[in-house]
Amino acid sequence: AQSVTQLDSQVPVFEEAPVELRCNYSSSVSVYLFWYVQYPNQGLQLLLKYLSGSTLVKGINGFEAEFNKSQTSFHLRKPSVHISDTAEYFCAVSRPNDYKLSFGAGTTVTVRA
Amino acid sequence: DTAVSQTPKYLVTQMGNDKSIKCEQNLGHDTMYWYKQDSKKFLKIMFSYNNKELIINETVPNRFSPKSPDKAHLNLHINSLELGDSAVYFCASSPMGQGKAFFGQGTRLTVV
């Protein structure tokens, strides 16, 4: 079975500073990787996904992530955050043709002025 | 138009009651899911349906019974509610086998 570990439970950051959220996964087979964002009292929204191909994936709202197979990582980055990026971020993994996502425990990002 | 909609958004009920949460998706997806998010925000799959057939049942108590009348709907019925059932329940859908899921806004269930 596949699993995901998000290495940071909380990340405080100042507005316009860069941010990196770390995600490691474990799986014995090829996987798909995802980052989702959950704004307060809302559902989850897909930020970006890696299915295959280029290891650098660009998503919405200026986020990007890099798939590193040798380090089994899929870290999320944004060069300059806004107050509106304050949210919970979830890394998730699934296998091709699987019927579920396995989520990490989430990282709370708090952006301060 | 809302892609995945679930109702109600909030549900407060007493222990022992039976309640249902409804979910509908207008994306034409084959696969629908129920996820549970606990008080620590941890998300875990409960059920997965593909073309109205149950694919995944992740050791959920049998007080929880999903029903999929058609591909676009997946409802969740909960019998004999317990305090520990308090959580946010998310419905989601995806194209078959692609993992990329679209989530509803969630139903915050509070059992008192």
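The values are calculated or read from the model by the stated rules, or taken from the named source; none is laboratory data. Here the structure is a predicted model, which means the values were calculated and not measured. Here the Cβ positions follow ideal geometry from the backbone for every residue, glycine too, while neighbour counts run over all protein chains shown.
Here are the numbers for this structure:
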quantity	calculated
Test: residue in region B:5-20 that is in contact with a helix residue (DSSP H, G or I) (Cβ under 7 Å, 6 or more places away or on another chain) and away from chain A (no Cβ under 14 Å)	yes
Strands (runs of 3 or more DSSP E) contained entirely in region A:1-85, each with at least 2 residues that are in contact (Cβ under 8 Å) with a residue 40 or more places away in the chain	A:3-6, A:10-14, A:19-21, A:23-26, A:32-38, A:44-50, A:73-78
Residue within region A:63-74 that is over 15 Å from the mean Cα position of the chain (by Cα), modelled with pLDDT under 95 and closer than 23 Å to B:Tyr35 by Cα present	no
Lone unmet requirement of (1) touching a strand residue (DSSP E or B) at 6+ places or on another chain (Cβ under 9 Å); (2) of a type outside the set (S, T, N, Q); (3) away from chain B (no Cβ under 13 Å) for A:Tyr32	(3)
In region B:36-45, the residues that are in contact (Cβ under 8 Å) with a residue 24 or more places away in the chain and either aliphatic (A, V, I, L, M) or facing chain A (nearest Cβ under 10 Å) (or both)	B:Gln37, B:Leu43
Subset of region A:60-110 that is buried (at least 20 other Cβ atoms within 10 Å of the Cβ) and polar (S, T, N, Q) - its residue that is farthest from the other protein chains (Cβ to nearest Cβ)	A:Thr107
Hey, B:Tyr35 in contact with a strand residue (DSSP E or B) (Cβ under 9 Å, 6 or more places away or on another chain), aromatic (Phe, Trp, Tyr) and closer than 21 Å to A:Ala105 by Cα or not	yes
Every pair of residues 6+ apart whose Cβ atoms lie under 8 Å, when the first sits in region A:95-113 and is over 14 Å from A:Leu7 (Cβ atoms) while the second is outside any strand (DSSP E or B) and among the hydroxyl-bearing types (Ser, Thr, Tyr)	A:Arg95/A:Ser27; A:Arg95/A:Ser30; A:Pro96/A:Ser30; A:Thr110/A:Thr86; A:Val111/A:Ser84; A:Val111/A:Thr86
Subset of region B:51-69 [on the phi < 0 side of the Ramachandran plot and among the hydroxyl-bearing types (Ser, Thr, Tyr)]	B:Ser65, B:Ser68
